[in-house]
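The values are calculated or read from the model by the stated rules, or taken from the named source; none is laboratory data. Quick caveat, the model's predicted, so the values are computed rather than measured. Glycine also receives a Cβ, built like all others from the backbone with ideal geometry; neighbour counts cover every protein chain displayed. For accessibility, only protein heavy atoms count, side chains too; no ligands or nucleic acids. Shrake-Rupley method; radii C 1.70, N 1.55, O 1.52, S 1.80 Å.
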Amino acid sequence: MFLLRVSSASLNVIPFDWEWNKRVILNALRDAKAQGATIVALPELCVTGYECEDDFLRPHLQARAWELACEIAEATKGWGMIFNLGLPVLHDDDRLYNCSAMVVNGEIKGLRAKLALADGGNYYEGRQFKIWPRGKVDVIHTPQGLLPIGDIYFRIGNLLIGFEVCEESWKEDRISAKLKQRGVKVIISPNASHFSKGKFKTRKGIIQEGSRSYDGIVLFSNTHGCNGRLIFDGGPIIADGGQLKAIGKRFSHADHVLVTSVVDIDLRRTSRASTGSFYADADVAKENECVQVANFKYPEILPEANKLLIQEAWETSGNVDEEEAIRGPALANRDWLMKARLQGCMVSLSGGRDSSLAVLQVTYMVQLGVDELGFDGFKERFSHVKGINECQTVKDLVNKLLTCAYFATENSGEKTKKAARGLAEFVGARYFYFGGIGFIVRMILWMFGLVIGRNLSWENKEDDIPLQNVQARVRAVFAWLIANVYQLLLICTSNRTEGSTGYWTAGGDGEGGQAPLAGMDKKFICEILEYLRSHGLDGYEPLPILDLVLGEPATAELQPAIMKQTDEDQLGPFPVLKQVETDSILHNRSPLECLIVACAQFPQFTMAQMNVWVGRWFTLWARNQWKREQATAGLHTDTHNVDPRCGRRAPILSGGFRQEIGQMNTYVSQRLNESQGKNSGENVNPWFDE
């Protein structure tokens with residue numbers, strides 16, 4: 001038997017925070033060494049951090065990354081360890097490549113360049129890096145001398161080890177097929193794979209199937225944490241011959257997560273030898289594509305008893321989506337506060353669904369962090385926060401790190417006031433009540449009326465939006481003032497349904513430093529709150545306090561109460577909006593196609609109703625692209641988002657789908673006339689202006 005102890009890690013690194021990254025990487029390697037691991041997989045671009053964006057092009061960053069990689073390698077001399085370090089490398093051809101440096105017993109032996117780049121959606125790797133051509137091998141001049149670079153693998157002692165880097169695993173023609181032909185038994189798979197709804201299941205399947213078809217060992221490593229819009233969930237994995245041997249914690253609040261397992265190299269050789277379909281060297285291997293590292297001796301280890309694959313209970317429950325929607329943003333909030341050295345979060349708590357969920361995401365940030373790191377460990381992470389050491393309970397920590405404020409006008413209802421105060425007191429947040437917002441709004445409108453020569457009125461339809469927006473903008477002034485005075489991160493509570501339709505006020509409720517709900521549709525937000533109300537986050541109590549929030553229809557409370565304003569009356573039913581948005585943005589369907597699909601999905605509504613809602617959605621989508629261009633940085637949490645900087649892009653000015661909506665109107669008119677046996681020619685969509 002050729003038994004080998006291997007490890008895979010996820011790391012929470014920060015873009016070019018050199019001291020932090022060095023410490024996190026070395027701590028993970030020390031942990032692996034203590035567990036007896038010989039091969040350790042580390043994430044993609046872990047030396048610099050994955051999200052350096054255009055700063056990757058800075059020569060001093062490239063130089064410092066190489067220096068740091070050498071420092072880390074030097075620190076591990078004599079450890080008898082093999083691991084990878086991800087960094088940008090400027091080749092002699094003046095092209096920048098995303099590389100994995102192979103470190104063997106403290107020395108860098110070669111640079112495996114990435115063969116496929118992630119471009120589109122959240123990723124723009126091609127903006128900074130070039131794709132290394134498959135099959136090409138070269139050498140590069142470094143301060144340590146010439147090193148091989150390119151499409152290479154390694155023979156270290158008597159074991160062949162190769163790479164399949166992130167995007168390469170998601171391609172149809174995977175690199176692992178070639179590595180299998182070459183006799184490679186262990187694949188190191190460095191990743192910076194972000195979180196989105198349902199992605200982890202797909203990722204696990206790719207890794208498991210890859211190790212089965214490759215008939216080898218795959219060490220999947222990943223980044224975890226947040227440095228802006230993307231949340232990286234970590235979850236390092238070890239797969240062996242189609243079996244998942246170990247899966248690490250996702251959304252961890254620790255600096256690194258490590259999983260370790262014992263694998264049998266000879267078992268993989270025997271399996272390949274006994275498989276009739278296996279063939280080696282289908283194409284001729286190039287002489288220099290295998291980097292030889294002699295005189296490396298693997299330690300002799302004893303077999304281990306088979307271990308059960310352990311995952312947290314919520315990972316195998318039927319509510320993974322709801323759990324992720326709390327745990328992901330909770331980790332992102334932690335990183336925004338810690339890495340930006342802010343004193344806490346500020347939420348304008350309206351008593352509605354969106355702001356309530358934002359409050360709970362911050363609350364769970366504290367609870368999850370304390371449960372994983374311990375009370376003192378959590379406080380150490382927030383040692384920059386004034387007075388944090390005086391906190392004695394979890395509620396003390398929440399009070400220190402979460403500030404809420406309710407901004408009342410004459411349009412605010414007593415039920416939302418009660419819900420806001422009740423939730424803030426329940427979680428332990430610092431709470432401010434501003435009751436004079438209506439007075440300030442009236443003063444502004446009085447002065448404005450004097451200047452323009454008339455008073456704005458709710459009876460005038462054209463004044464409706466300005467009268468709503470001025471309230472939201474006055475509230476934003478006070479929200480920002482609180483955030484500035486107390487050095488807080490102002491949380492924007494706008495959701496994706498509002499983002500797609502522009503149903504938020506620029507300079508008002510759309511203001512903030514970070515928007516944790518920007519990637520979530522309103523229907524899903526309601527489902528998350530209902531889950532927390534009835535079940536609670538896994539390991540925590542249900543939250544009946546949410547009865548106060550969920551008992552009333554969703555409303556902005558910007559119009560007088562007599563007008564009975566609700567979000568669904570103004571936009572359409574939330575499930576329908578989600579369907580139309582998904583079909584339009586994710587599936588690129590036309591208004592008419594969206595209408596036909598929505599009618600099939602929601603037979604309880606008439607085609608005439610659906611025509612209004614679909615037409616309204618497309619009209620508002622086209623009209624409000626300018627808002628999305630300036631929206632607060634939103635967390636990406638679903639398969640798609642409407643942030644043009646990391647999701648769907650659209651023209652700021654366009655024809656607004658007028659012709660397409662007209663075709664849809666004609667289609668609906670014809671169907672209605674056929675059903676009624678007449679030809680009215682009537683415009684069935686008030687949102688369409690012929």
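In the range 249-386, how does Rg compare with the Kirkwood Rh, expressed as the Rg/Rh ratio over alpha carbon atoms?
Expressed as Rg/Rh, it is 1.18.
Taking the highest mean first, how do the peptides 493-506, 255-268 order by number of other beta carbon atoms within 10 angstrom per residue?
Highest mean packing first, the order is 493-506, 255-268.
Plugging the Kirkwood radius over Cα pairs into Stokes-Einstein for the range 565-650, at a temperature of 20 °C and a viscosity of 1.002 mPa s, what D comes out in µm²/s?
Estimated diffusion coefficient is 157 µm²/s.
Can you compute the modelled spin-label distance between D547 and R623, with each label point 7 Å from Cα toward Cβ, in nm?
4.0 nm
Once the range 95-188 is represented by equal point scatterers at the alpha-carbon sites, with solvent omitted, what log10 I(q)/I(0) does the Debye formula produce at q = 0.13 Å⁻¹?
Computed log10 I(q)/I(0) values: -0.46.
Span-like helices, the chain: DSSP H, alpha-carbon axial extent 30 Å or more, mean Kyte-Doolittle -0.5 or greater, which ones?
Helices passing the filter in the chain: 464-486.
Over the range 494-625, what is the relative contact order in percent, taking alpha-carbon pairs closer than 8 angstrom and at least six residues apart?
23 percent
How high is the relative contact order of the chain, given as a whole-number percent (alpha carbon pairs under 8 Å, six or more residues apart)?
Relative contact order comes out at 11 percent.
Output needed: percent of Cα pairs per 10 Å distance bin for the chain, bins running from 0 to the one holding the longest distance.
Reading the bins upward from 0: 3, 14, 22, 22, 18, 12, 6, 2, 0, 0.
Take peptides 47-55, 536-544, 584-592 and line them up by average Cβ neighbours within 10 Å, highest first, as a rough protection proxy.
Per-residue Cβ counts within 10 Å, averaged per peptide and sorted highest first, yield 47-55, 584-592, 536-544.
Binning every alpha carbon pair distance of the range 510-667 at 5 Å from zero, what are the percents per bin?
For the range 510-667, the binned pair fractions read 1, 8, 14, 17, 20, 17, 13, 7, 2, 1, 0 percent.
Leaving out ligands, DNA and RNA, and with a 1.4 Å probe, what % of the accessible surface on the range 137-262 is carbon or sulfur?
Carbon-and-sulfur percentage of accessible area, whole number: 48.
Taking 26 Å as the cut-off for C-alpha to C-alpha distance, list the pairs among K417/K564; K33/K178; K522/K564 that go past it.
Table pairs above 26 Å Cα-Cα are K33/K178.
Restricting to bridges with both residues inside the chain, how much of the DSSP beta-bridge set is antiparallel, in percent to the nearest 5?
55 percent
I need the P(r) histogram for the range 479-554: all alpha carbon pairs, bin width 5 Å from 0 out to the longest distance, whole percents.
Final binned percentages: 3, 14, 18, 17, 19, 18, 9, 1.
Given Cβ point charges of +1 (Lys, Arg) and -1 (Asp, Glu) and nothing else, what value in debye, to the nearest 20, does the dipole of the chain about its Cα centre take?
Its charge dipole is roughly 680 debye.
Out of the total accessible area of the range 403-488 (probe 1.4 Å, heavy atoms of protein only), what percent is carbon and sulfur?
Using a 1.4 Å probe with all protein chains present, the range 403-488 comes out at 63 percent carbon and sulfur.
May I ask for the distance between the Cα centers of the range 216-263 and the range 523-544, given as a whole number of Å?
Taking the Cα centre of each part, the range 216-263 and the range 523-544 sit 27 Å apart.
Can you list residues from other chains, or at least 5 along the same chain, whose modelled amide H is less than 5 Å from the amide H of Y431?
Amide H neighbours of Y431: C404.
For the range 145-279, go through all pairs of different Cα atoms, get the mean of 1/r, take its inverse, and jot down that Kirkwood value in Å.
Its Kirkwood hydrodynamic radius stands at 15.7 Å.
Before anything else, pin down the relative contact order of the range 378-482: Cα pairs under 8 Å, at least 6 apart, normalised by residue count, whole percent.
23 percent
Long-range amide H contacts for A118: which residues qualify at under 5 Å (H placed 1.01 Å from N, peptide plane, sequence gap of 5 or more or a different chain)?
E125
Taking a temperature of 4 °C and a viscosity of 1.567 mPa s, what whole-number D in µm²/s does Stokes-Einstein yield for the range 383-510 with Rh from Kirkwood over alpha carbon pairs?
Approximately 77 µm²/s, per Stokes-Einstein.
Which links in K180/K204; K199/K395; K114/K297 stretch past 24 Å when you go from one Cα to the other?
In this structure, K199/K395; K114/K297 exceed 24 Å between Cα atoms.
Can you work out the Karplus-derived ³J(HN,Hα) for every residue in the range 119-128? Use 6.51 cos²θ - 1.76 cosθ + 1.60 with θ = phi - 60°, whole Hz, and x for glycine or proline.
The phi angles translate into 9, x, x, 7, 10, 9, 4, x, 5, 10 Hz.
How big is the range 46-134 by the Kirkwood estimate over distinct Cα pairs, in Å?
Every distinct Cα pair counted, the radius reaches 13.6 Å.
In whole angstrom, how far apart do the alpha carbon centroids of the range 69-132 and the range 280-347 sit?
18 Å
Using only the Cα atoms, what convex hull volume per residue in Å³ does the range 450-596 have?
Value for the range 450-596: 180 Å³ per residue.
Order of 103-115, 141-153, 287-299 by packing, highest average Cβ count within 10 Å first?
Final packing ranking: 103-115, 141-153, 287-299.
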